[in-house]
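S.K.: Handing you this structure, nothing more for now.
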Ligand code: 5GP
């Protein structure tokens, strides 16, 4: 593996990290490429296989765990597995690009531990749990049970924020985008 950088964005679901990651990917001078995760969860109607995720069956996912094909993987929600394939990072580094991840807090911290010097781990913090609930409801991609499950997990995830290199508070999107751009742009110059 070569010396590309790894930019990790982690946050509770609904914090706005996906919007931030998409914005950074549009800034061509940053030379970033998105790490497409593998997942065993169901595809949403607005998602494309091989673009948003590599959608795998539960059995196929398990087989890849057994074959040690993942850099990290997590059962993020019960029976929903998510993971970063080693081949994904190799693919992006081989193109001379930096890798940007949109992954959960445990996965993000695991990448940081594996590549401490090459990784910038950023935690995106929602202004409050109430605000998070509103955002998840407005997104209309999960039913109430799933929203409650995500909120319960969010409280535990917020406690891990100090373990990250940097925290970006997503109070206004404009501010979060600016701050994230500055952090990433400085880090890739190092
Ligand atoms: P969603 O189902 O909303 O797409 O994602 C649920 C959670 O799984 C999000 O917090 C997302 O960042 C996380 N996630 C996505 N891909 C990965 C991955 O490869 N590894 C880990 N650990 N978490 C991931």
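No value in this document is a laboratory result; all are computed from the given coordinates. None of these values were measured; they are calculated from a predicted model. A quick note on method: Cβ atoms are made from the backbone with ideal geometry, for glycine too, and the neighbour counts reach across all protein chains shown.
S.K.: Could you give the distance between the Cα centres of the stretch 114-141 and the stretch 155-183, to the whole Å?
M.R.: 7
S.K.: Still on this structure, please answer the following. Two decimals, Cα atoms only, Kirkwood Rh: what is Rg/Rh over the stretch 6-189?
M.R.: 0.94
S.K.: Let me make sure I get this right: for the stretch 5-99, a, b and c are the square roots of the gyration tensor eigenvalues over alpha carbons, sorted descending. Under 1.5 in a/c it's rounded, otherwise prolate if a/b > b/c, else oblate. Which is it?
M.R.: oblate
S.K.: Suppose we keep just the DSSP beta bridges with both residues in the stretch 6-189; what percent of those would be antiparallel, to 5? List each step's numbers first, then the result.
M.R.: Working: 8 of 28 bridges.
Close to 30 percent.
S.K.: Continuing with this model, one more query. Could you calculate the FRET efficiency of residue 148 with residue 182 from 1/(1 + (r/R0)^6), where r is the beta carbon distance between them and R0 is 41 Å, rounded to 0.05?
M.R.: 0.70
S.K.: On to the next question. Per residue of the chain, what 222 nm ellipticity follows from adding -39500 (n - 2.57) for every DSSP H run with n ≥ 4, rounded to the nearest 500?
M.R.: Computed ellipticity for the chain at 222 nm equals -13000 deg cm²/dmol.
S.K.: Along the Cα-to-C-beta direction of residue 160, a point sits 7 Å from the Cα; which residues of the stretch 81-115 have their amide N less than 18 Å from that point?
M.R.: Residues passing the 18 Å test: 81-85, 100-115.
S.K.: Related question: Please say if the stretch 56-127 is rounded, prolate or oblate, where rounded means a/c under 1.5 for a ≥ b ≥ c the square roots of the C-alpha gyration tensor eigenvalues, and otherwise the choice is prolate for a/b larger than b/c and oblate otherwise?
M.R.: oblate
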